[in-house]
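For reference, the structure is listed below as structure tokens.
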Amino acid sequence: MSLLQPVVDKIGNLPLSQAIAESAYLFPAFESAHVLALGIVFGSIAAVDLRLLNLRLTDQSVLSLTKRLLPFTWIAFVGAVITGLLMFIADPGRYLENLPFQLKFLLLALAGVNMAINHFFVSRNMDQWGQPGHSTGAAKISGGISLLLWTLIIFAGRWIGFS
């Protein structure tokens, strides 16, 4: 981390960073908001993934379910990013050296890759196959991988505070 040390020090010395680190209320408030936002992200993604796996919501097309849930997913994801950044700046050096923190970001990157593959390749013809009760084998694999990755992201996130 020696190359990043000057940047980490600057971030950690920001007035906002120090205020969050020193406050008895700010960090817990941001953490609570982060958990709430992640719950919405995970819940909406899980609903779509379970539909892709044909395990739940099979009376709905994947396309209509995705269109209804995606705005909530993205709004909550932005909220999770903002609150996560606010928690990070309170002690950036500790987080960057934290193995579960690193694992969480690796898993987030993999979830992003899975989402991109799903969006650009698997679901390109979703309007044709996404009728109630149907999805392709590739969609099921993508949904299963997504569900696994987001579950592991939650585990890694909880592990951060205990490391």
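The values are calculated or read from the model by the stated rules, or taken from the named source; none is laboratory data. Predicted model, so just to flag it, every value in this text is computed and none were measured. Quick reminder, even Gly has a Cβ in these numbers, built from the backbone with ideal geometry, and neighbours come from all protein chains shown. Side chains are part of the model used for accessible areas, which takes the heavy atoms of the whole protein and leaves out ligands, DNA and RNA. Shrake-Rupley method; radii C 1.70, N 1.55, O 1.52, S 1.80 Å.
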Among the candidates L85, L96, residue that is open to solvent by 80 Å² or more (accessible area, probe 1.4 Å) and either under 19 Å from I160 (Cα atoms) or over 15 Å from the mean Cα position of the chain (by Cα) (or both): L85
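Based on what the data block shows, is I160 within 17 Å of N54 (Cα to Cα), under 16 Å from the mean Cα position of the chain (by Cα) and either among the β-branched types (V, I, T) or surrounded by fewer than 16 Cβ atoms within 10 Å (Cβ to Cβ) (or both)? Can you show your working first?
Details: within 17 Å of N54 (Cα to Cα): no; under 16 Å from the mean Cα position of the chain (by Cα): yes; either among the β-branched types (V, I, T) or surrounded by fewer than 16 Cβ atoms within 10 Å (Cβ to Cβ) (or both): yes.
No; evaluated as a whole, the condition is false for this residue.
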Cβ-Cβ under 8 Å pairs, at least 6 apart or on other chains, the stretch 15-39 side open to solvent by less than 50 Å² (accessible area, probe 1.4 Å), far side of a type in the set (S, T, N, Q): F30/T83; A33/T83; H34/T83; A37/T83
Complete set of residues in the stretch 108-122 that are farther than 15 Å from I45 by Cα and buried (at least 17 other Cβ atoms within 10 Å of the Cβ): V122
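Determine, yes or no, whether V8 is closer than 22 Å to L99 by Cα, assigned to a helix (DSSP H, G or I), β-branched (V, I, T) and free of Cβ contacts under 8 Å to residues at least 40 places away in the same chain.
On the way: closer than 22 Å to L99 by Cα: yes; assigned to a helix (DSSP H, G or I): yes; β-branched (V, I, T): yes; free of Cβ contacts under 8 Å to residues at least 40 places away in the same chain: no.
No: the conditions fail for V8.
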Residue in the stretch 49-69 that is nearest to F30 (Cα to Cα), counting only those that are modelled with pLDDT of 95 or more and within 18 Å of the chain's Cα centre (by Cα): L69
Residue count for the stretch 126-150, restricted to those that are without any contact (Cβ under 8 Å) to a residue 60 or more places away in the chain and either among the hydroxyl-bearing types (S, T, Y) or open to solvent by 80 Å² or more (accessible area, probe 1.4 Å) (or both): 4
Enumeration of residues in the stretch 44-58 that are open to solvent by 40 Å² or more (accessible area, probe 1.4 Å) and closer than 18 Å to W150 by Cβ: L50, L53, L55, R56, L57
Candidates A37, A19, filtered to the one that is over 25 Å from A109 (Cβ atoms) and among the aliphatic types (A, V, I, L, M): A19
Answer residue from the stretch 67-82, given it is open to solvent by 30 Å² or more (accessible area, probe 1.4 Å) and touching a helix residue (DSSP H, G or I) at 6+ places or on another chain (Cβ under 7 Å) and is nearest to I11 (Cα to Cα) among those: F77
